[in-house]
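The values are calculated or read from the model by the stated rules, or taken from the named source; none is laboratory data. Quick caveat: nothing in here was measured; it's all calculated off a predicted structure. A quick note on method: Cβ atoms are made from the backbone with ideal geometry, for glycine too, and the neighbour counts reach across all protein chains shown. These accessible areas exclude ligands, DNA and RNA; they are computed on the full protein's heavy atoms, side chains included. Shrake-Rupley method; radii C 1.70, N 1.55, O 1.52, S 1.80 Å.
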Amino acid sequence: MLRKLMKYEFKATARWFFPLYIAIVLFALISRTLISTQSVENDIIKNLRGILTTISILAYALLFVGTMVLSLVVVIQRFYKSLLGDEGYLMFTLPVKTWQHTTSKLLIAMLWNILSALIGFCSIMLFIPSREMSELINELSKIIGIFNASFYILGGLILLVNIARTIIEIYAAITLGHMFNKHRIILSFAFYIGINTISQVVYMLILPFVSSPFVKVISEDISYEAGIGHNSFSFANMIPQLMTISVIILVVSVILSAGYYIATNYLLKTKLNLE
């Protein structure tokens, strides 16, 4: 049933995103073509091309920002409308468990956030000339080669978990705000600030503990090299500490995400208020 819910959620949201993705890539290509085109032109054509370039870049920028905003709006709108709005009466009469409703919306929201970020990144890359792009790729390859595959896998997991945490924080805030009969939007916003503050405080509390080994390694390397008159500081010396820090951050993020997820499902199941 979870698969069917995800399919329904995907279809309900795809009609907003795919046209935007096509438009943002199209205007990025148009802008790059107009910028990179070099030819002998008279003043009229040159001015016209300048106007068209400005319009194209402006349209691209608006679409870029719009895509990021839409990703947030869809997270809020689909959860609120489908589960706590008029559709909630229908959705909660289906033979589906509460966690399946939440999970289907969470996974599809994560999908669109990731796709929006990738489309945005790729569209920006289209503006970089081929020669500069080759140099950039070479430099990135050198940096990437410093770390092993485990580091990137861990980094990917941290990214995914924190995307999920950000979304589930919104779900938890909306659910808490909907428990009241009045001022639900304002209360949801207030609850989100409170929930997000809790997350930030937790990260700030663990930061001194997870960063101390990292700072110690940097200090020892700099002190040692300074004593012999040169500095051969290397990221390779910090990889074990970075891995440790990453694991701790991942564990904390998973705990926070799980806590908000469990709380959201509990409230939807036992304290649901559709009036």
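Suppose we take every Cα in the range 44-112 and form the convex hull; what volume per residue is that in Å³?
Output value, Cα hull per residue: 96 Å³.
Probe radius 1.4 Å, ligands and nucleic acids left out: which of Thr33, Thr102 has the largest accessible area, and how do the rest follow?
Accessible-area ranking of Thr33, Thr102, largest first: Thr33, Thr102.
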Pairs over 24 Å Cα to Cα, from Lys11/Lys182; Lys4/Lys182; Lys97/Lys182; Lys11/Lys97; Lys7/Lys182; Lys11/Lys269, come to Lys11/Lys182; Lys4/Lys182; Lys97/Lys182; Lys7/Lys182; Lys11/Lys269
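Within the set of other residues whose C-beta is less than 11 Å from the C-beta of Tyr171, count the net charge using Lys and Arg as +1 and Asp and Glu as -1.
+2
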Can you tell me how much longer the chain between Asn148 and Leu107 gets when fully stretched, taken as 0.36 nm per residue apart minus their C-alpha distance, in nm with one decimal? 11.9 nm
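With a sphere of radius 15 Å drawn around the Cβ of Trp112, what net charge do the other residues whose Cβ falls strictly inside it have (Lys, Arg +1; Asp, Glu -1)?
Details: positive: Lys7, Lys11, Arg15, Arg78, Lys105; negative: Glu9.
Neighbourhood net charge equals +4.
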State in Å² the accessible area per residue of the range 103-194; use a 1.4 Å probe, count heavy atoms of protein chains only, and round to the nearest integer. 56
So what does log10 I(q)/I(0) come out to for the range 1-90 at q = 0.10, 0.16, 0.21, 0.23 Å⁻¹, using the Debye formula with one equal point on every Cα and no solvent? -0.44, -0.75, -1.00, -1.10
Using 7 Å Cα-to-Cβ label points, what is the Lys4/Ala61 separation (nm, one decimal)? 4.8
When only alpha-carbon atoms are used, what values of Rg and Dmax, in angstrom, describe the range 121-178? 18.1, 54
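Could you calculate the contour length gain from Leu52 to Arg15, that is, 0.36 nm times the residue separation minus the distance between their Cα atoms, to one decimal place in nm?
10.5 nm is the gain from fully extending Leu52 to Arg15.
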Rounded to the nearest 10 Å², the 1.4 Å probe accessible area of Arg165 is 20
Using a Förster distance of 35 angstrom, determine the FRET efficiency expected from the C-beta separation of Leu207 and Leu118, and round it to 0.05. 0.75
Charge dipole of the range 117-189 built from unit charges on the beta carbon (Lys, Arg +1; Asp, Glu -1), centred at mean Cα; most positive-end Cα among Leu159, Ala172, Ser134 is Ala172
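For Glu87, Glu9, give the ranking by accessible area with the largest first, probe 1.4 Å.
Final ranking, largest accessible area leading: Glu87, Glu9.
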